[in-house]
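Visitor: Sharing a structure, written as structure tokens. Questions coming.
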Amino acid sequence: MENKNSNVKFIPPKSFVHLDFWFKFADVKLNVDKLSDAPRHLFASINSTSSTQPVIEIDCTGFNSQPTDKMGMFPCHGILINKNTKEEFINTNKSKLLTDVSNHYYAQLFSKKTLENSSELVFFILFSFADLKTHKYLYWFAFPVFRDVFFKKGQTYTLLSSKFQRDKLFSFELQFKMFLEKSNELFFVYNSKESRFYRLSEIINHEDLSKNLKSVDLNYTFFCCTDLCFDKDPSWLLRQFLGYIAMSCPQITQKTINCICLKNNVASSIVFTLEIQSTDLNLEKPLWVGWETNNGRLIPRSVDMSKIMDPLKMVEKSINLNLTLMKWRLVPNLNLDIISTTKYLLLGAGTLGCGVARSLLMVITVALGFDTFLVIRHGSKSENRVKPNLIKGFKEIPGTYLGCYFCNDIVAPGNSMKDRTLDQQCTVTRPAVSYIASSLAVELTISLLQHKH
């Protein structure tokens, strides 16, 4: 049994998903992938500039065919596996998924003669389910590493300034900056005897693994990782790098190697030694671990995007915004709570009814005439019934004798729906006026809600 206390502790990364990623994800799933759940390649960025652990950030550019250059960040590769049902997402064997996808990725990596860029070693899996109707997403990140490769602690962590003499450190720092400007590599190898940096593609070949680093003097060889996190312990990225070294250079297992975690201040970089120990690494089909934890538990995360992706909620927000802006100057005492909590019964869902419904979520009557329109507020019943004062020249007409307002405006009371073609009916002949009448009806209702009685 491996003594875990003697093993190097690696700081795991955390994921960060920008909101625009979900918009692009929904668009790709809806219009491109559809029912397909085939793996899709992604790009993300490694941000380790201001944290105690590296952050893998992904945004809408993750679906691009090429990684996007971002200041102070390194690109990394990912695989998106999206299931079509929530049940598929839940019932999928996560360990098998992690192993199968990781082995396929590494098989593609080793099918090439050399690495194109060392950032290919930092890869992730995004396992997800997208409910496009409710705009809710279940997702789980994994940052795969070999299960059966351990790294035994060697010498304690020391500063690079303590390891190299002053002139050697100055030369190292100068060469390091020139090397990064030319190659932008995340992982590389430094030979202190030659005072030279090597890209991994220059010293590691996938065609004959037995020759890799065979003649290299490990006493002068340093395996370097750009690790800008504040913590002195190495990041998970170094573990992914060393896992690749264990796979591509099997002859250096059980040997002590030098490692450097390079910081912003090169002199403050951490130097230490470790020993790569493989308990039972199957080079053909190795096992993998690396699912991201959620508050210390191995469970997926979820995000509800309905507030910013649901069109109905977006419209509701825009309406609330306009009403809130009215309180600034126009109606400072506007009571928004009573407006949002009041419900209405809408009788009639024709042109006018729909017009009111679009703006209004008392009894208000709205009607169209031939060259006029009518908006009526029916008052509430008073406890002390008072006979209304009739205006001279007008008379009170019982409700049973009331007819269609449009018909009354042009002919005697009658049924405007009978014996008329559709293009002759009231709301068809005057469609634009319906919006004016509906709007006034809503404004009248809002005014009533603000009344003290």
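The values are calculated or read from the model by the stated rules, or taken from the named source; none is laboratory data. In this text, all values refer to a predicted model and were calculated from it rather than measured experimentally. Neighbour counts are summed over all protein chains in view; Cβ atoms, including those assigned to glycine, are modelled from backbone coordinates with ideal geometry.
Visitor: Please go through the stretch 231-252 and pick out each residue that is within 18 Å of residue 9 (Cα to Cα) and either surrounded by fewer than 20 Cβ atoms within 10 Å (Cβ to Cβ) or of a type in the set (Asp, Glu) (or both).
Guide: 231, 232, 233 - these are the residues of the stretch 231-252 that are within 18 Å of residue 9 (Cα to Cα) and either surrounded by fewer than 20 Cβ atoms within 10 Å (Cβ to Cβ) or of a type in the set (Asp, Glu) (or both).
Visitor: Check the stretch 317-334 and report whether any residue there is among the hydrophobic types (A, V, I, L, M, F, W, C) and within 30 Å of residue 228 (Cα to Cα).
Guide: Here is the first cut: in the stretch 317-334, the residues among the hydrophobic types (A, V, I, L, M, F, W, C) are 319, 321, 323, 325-326, 328, 330-331, 334.
Narrowing the set further to residues that are within 30 Å of residue 228 (Cα to Cα) leaves none.
No, because not a single residue in the stretch 317-334 is among the hydrophobic types (A, V, I, L, M, F, W, C) and within 30 Å of residue 228 (Cα to Cα).
Visitor: So in the stretch 29-60, with the set limited to residues that are assigned to a helix (DSSP H, G or I) and either modelled with pLDDT of 95 or more or touching a strand residue (DSSP E or B) at 6+ places or on another chain (Cβ under 6 Å) (or both), which one is nearest to residue 264 (Cα to Cα)?
Guide: So, considering only residues that are assigned to a helix (DSSP H, G or I) and either modelled with pLDDT of 95 or more or touching a strand residue (DSSP E or B) at 6+ places or on another chain (Cβ under 6 Å) (or both), the one nearest to residue 264 (Cα to Cα) is 60.
Visitor: Test each condition in (1) buried (at least 16 other Cβ atoms within 10 Å of the Cβ); (2) closer than 19 Å to residue 238 by Cβ; (3) not hydrophobic (A, V, I, L, M, F, W, C) for residue 154 and report the one that comes out false.
Guide: For residue 154, the failing item is (1).
Visitor: Does residue 141 satisfy the criteria of being of a type in the set (Phe, Trp, Tyr), crowded, with 16+ Cβ neighbours inside 10 Å, in contact with a Pro (Cβ under 9 Å, 6 or more places away or on another chain) and modelled with pLDDT of 95 or more? It would help to see each step written out before you state the result.
Guide: Details: of a type in the set (Phe, Trp, Tyr): yes; crowded, with 16+ Cβ neighbours inside 10 Å: yes; in contact with a Pro (Cβ under 9 Å, 6 or more places away or on another chain): yes; modelled with pLDDT of 95 or more: yes.
In short, yes.
Visitor: Tally the residues that are within 16 Å of residue 261 (Cβ to Cβ) and not hydrophobic (A, V, I, L, M, F, W, C), restricting the search to the stretch 164-191.
Guide: 3
Visitor: Next up: For the stretch 305-317, check the following and say yes or no: at least one residue is loosely packed, with under 13 Cβ neighbours inside 10 Å, at pLDDT 80 or above and polar (S, T, N, Q).
Guide: Checking the stretch 305-317: not a single residue is loosely packed, with under 13 Cβ neighbours inside 10 Å, at pLDDT 80 or above and polar (S, T, N, Q).
Visitor: Report the residue count in the stretch 272-304 for those that are of a type in the set (D, E, K, R), surrounded by fewer than 14 Cβ atoms within 10 Å (Cβ to Cβ) and either touching a strand residue (DSSP E or B) at 6+ places or on another chain (Cβ under 8 Å) or part of a strand (DSSP E or B) (or both).
Guide: Residues of the stretch 272-304 that are of a type in the set (D, E, K, R), as a first pass: 275, 280, 284-285, 292, 297, 301, 304.
So of that shortlist, the ones also surrounded by fewer than 14 Cβ atoms within 10 Å (Cβ to Cβ) come out as 280, 284-285, 297, 304.
Keeping just the survivors that are either touching a strand residue (DSSP E or B) at 6+ places or on another chain (Cβ under 8 Å) or part of a strand (DSSP E or B) (or both) gives 297, 304.
Count: 2.
Visitor: Got at least one residue in the stretch 113-125 being of a type in the set (Ser, Thr, Tyr), farther than 29 Å from residue 263 by Cβ and either in a helix (DSSP H, G or I) or not assigned by TED's automatic domain parsing to the domain that holds residue 237 (or both)?
Guide: No.
Visitor: OK, next. Is at least one residue of the stretch 99-112 under 19 Å from residue 248 (Cα atoms) and either in a loop (DSSP other than H, G, I, E, B) or touching a Cys at 6+ places or on another chain (Cβ under 7 Å) (or both)?
Guide: yes
Okay, residues lined up against (1) under 26 Å from residue 136 (Cβ atoms); (2) exposed (fewer than 13 other Cβ atoms within 10 Å of the Cβ); (3) among the aliphatic types (A, V, I, L, M); (4) assigned by TED's automatic domain parsing to the domain that holds residue 301:
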| residue | (1), (2), (3), (4) |
| --- | --- |
| 19 | yes, yes, yes, yes |
| 25 | yes, no, no, yes |
| 34 | yes, yes, no, yes |
| 46 | no, no, yes, yes |
| 93 | yes, yes, no, yes |
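Visitor: Going through the stretch 300-340 one residue at a time, which ones are more than 20 Å from residue 22 (Cα to Cα) and small (Gly, Ala, Ser)?
Guide: The answer is 318, 340.
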